[in-house]
Amino acid sequence: MRNTPLVRLPGLEVFFDEGRLVASGALSPLAAPILSRMNERLCTEKPAALLEDGSLVMSTWLPPIPSLAFRRLVRAEVKRQLGMHTPSTLSIEITRRCRCRCEHCEMSEGEGEMGTEDIIDVLEQALAMGTCIITLTEGDPLLREDVLDIIAAVDERAVVNMFTPGTEMTEKRAHELREAGLHTLLVSLYSTHPAAHDAVRHLDGAFDAALRAIRHGLNAGLLVALCTHVSHASMHELVPLYELARRLGVHEFSVWESTRNPPTQQDRDDIIAMYHRVNTSQEGPRMFASTVFEGVDFGCLAGRRWIHVGVDGEVRPCPYIPVSFGNVCEEPLRRIWRRMRGCSWHDGKKRCLMHEPAFLQWLQGLSMEDVPRRTR
């Protein structure tokens, strides 16, 4: 692609030219940090996919290049340099329902979930704020009858990803998801050993269901990522899981650090080494690692580029930080975001806040009910 325009703002133009992002104009220095990181990845690492329309998917966690969603991502990064922060990423829990009973999941606790109109309204608010990456998260979104309507409600301003344990996936549903506009199907696996994965899910047959879901997604033409959370105890699973991802033919192997039992620093060094080894090889799927994306490139995204809406409408910086800054069923998302941005604890951290001793100490002395009042 030569000189494909991505962003046109007063004082700034960004083009995609022969595999590189190029900026010009008086404001181009503001775009330099994000563009240099992206160009380094574009030049040294393989992409997740090349789509039929010729657009490039560097990672399933990023919009295709070029696209309106990607233009919005670049625009948000430029605005960050001017002190105007946008939640580029929104994750939202749309149901408590799930056939799995994972011990680490709290979805089954509590009652109720937002209705279709409420969820779509949240998505519209996020899009109006500049969000360009939306992820539907656990429980199992496929257990909502309106999941296709929710996905279809998101226009080209953002891409939509969806987690599922895979138990409800069928060939027909996979095609319906693609027609509705799903960008990436995210399927989590915790082990290459069926019994071990089933034990985590507390559901016999969960491993086989996950593999079926992956195959249905690929056959339907969806982007598919095999995801896992890694702890020190599960580091030995990474290479076998990647090999399984390669055999299945997924587009990306996505590794997130566990918040409850985080990897050690040596583990992180090993993850980074594996990331570079995998992504400089022409063989196999791309690897995403939060250890690199958050720890090396951008720092913790929570409350900076990421906002999370719980199944009950409570708004948190990310799914892992147990602090609500308000309820989107009671007040606008933009107001809650401003309140969240009023806190200084989330800036400048080069790893997940839930791994920061000082932040965890701050949490211990905090009354969750007091947070919205303290930060208004």
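The values are calculated or read from the model by the stated rules, or taken from the named source; none is laboratory data. Because the structure is a prediction, the values reported are computed rather than measured. Don't worry about glycine lacking a Cβ; one is built from the backbone with ideal geometry, like all the others, and counts go over all protein chains shown.
Go through segment 45-98 and give me each residue that's buried (at least 19 other Cβ atoms within 10 Å of the Cβ) and assigned to a helix (DSSP H, G or I).
ALA69, PHE70, ARG71, ARG72, LEU73, VAL74, ARG75, ALA76, GLU77, VAL78
Those residues that are in contact (Cβ under 8 Å) with a residue 12 or more places away in the chain and of a type in the set (A, V, I, L, M), I need them from segment 273-293; list them, please.
MET274, VAL278, MET287, ALA289, VAL292
Please specify each residue of segment 291-331 satisfying the condition of being of a type in the set (Gly, Ala, Ser), in contact with a Cys (Cβ under 9 Å, 6 or more places away or on another chain) and part of a loop (DSSP other than H, G, I, E, B).
Applying the first criterion (of a type in the set (Gly, Ala, Ser)) to segment 291-331 yields 295, 299, 302-303, 310, 313, 324, 326.
Narrowing further to those that are in contact with a Cys (Cβ under 9 Å, 6 or more places away or on another chain): 295, 302-303, 313.
Within segment 291-331, GLY303, GLY313 qualify.
Can you name every residue in segment 116-137 that is polar (S, T, N, Q) and under 20 Å from VAL74 (Cα atoms)?
Across segment 116-137, the qualifying residues are GLN125, THR131, THR135.
Any idea which of THR135, THR131 is surrounded by 20 or more Cβ atoms within 10 Å (Cβ to Cβ) and in a loop (DSSP other than H, G, I, E, B)? Working first, answer last.
On the way: THR135 fails: in a loop (DSSP other than H, G, I, E, B).
It is THR131.
Could you say whether any residue in segment 265-274 is over 22 Å from THR184 (Cβ atoms), within 20 Å of the chain's Cα centre (by Cα) and not polar (S, T, N, Q)? First the steps, then the outcome.
If we filter segment 265-274 for residues that are over 22 Å from THR184 (Cβ atoms), which is where we start, we get 265-270, 272-273.
Narrowing the set further to residues that are within 20 Å of the chain's Cα centre (by Cα) leaves 268, 272.
The next check asks that each one be not polar (S, T, N, Q); those that pass are 268, 272.
Yes; the residues of segment 265-274 include at least one that is over 22 Å from THR184 (Cβ atoms), within 20 Å of the chain's Cα centre (by Cα) and not polar (S, T, N, Q).
What helices (runs of 4 or more DSSP H), lying completely within segment 181-271, carry at least 3 residues that are among the hydrophobic types (A, V, I, L, M, F, W, C), in contact with an Asp or Glu (Cβ under 9 Å, 6 or more places away or on another chain) and touching a residue at least 24 places away in the same chain (Cβ under 8 Å)?
Working: elements: 194-201, 206-219, 238-248.
Ranges flagged: 206-219.
Mind checking which residues of segment 206-264 are charged (D, E, K, R) and either over 19 Å from the mean Cα position of the chain (by Cα) or not assigned by the TED database to the domain that holds PRO285 (or both)?
Within segment 206-264, the first condition is being charged (D, E, K, R), and the residues that meet it are 208, 212, 215, 237, 243, 246-247, 252, 257, 260.
Once the filter is applied, which keeps residues that are charged (D, E, K, R) and either over 19 Å from the mean Cα position of the chain (by Cα) or not assigned by the TED database to the domain that holds PRO285 (or both), segment 206-264 yields ASP208, ARG212, ARG215, GLU237, GLU243, ARG246, ARG247.
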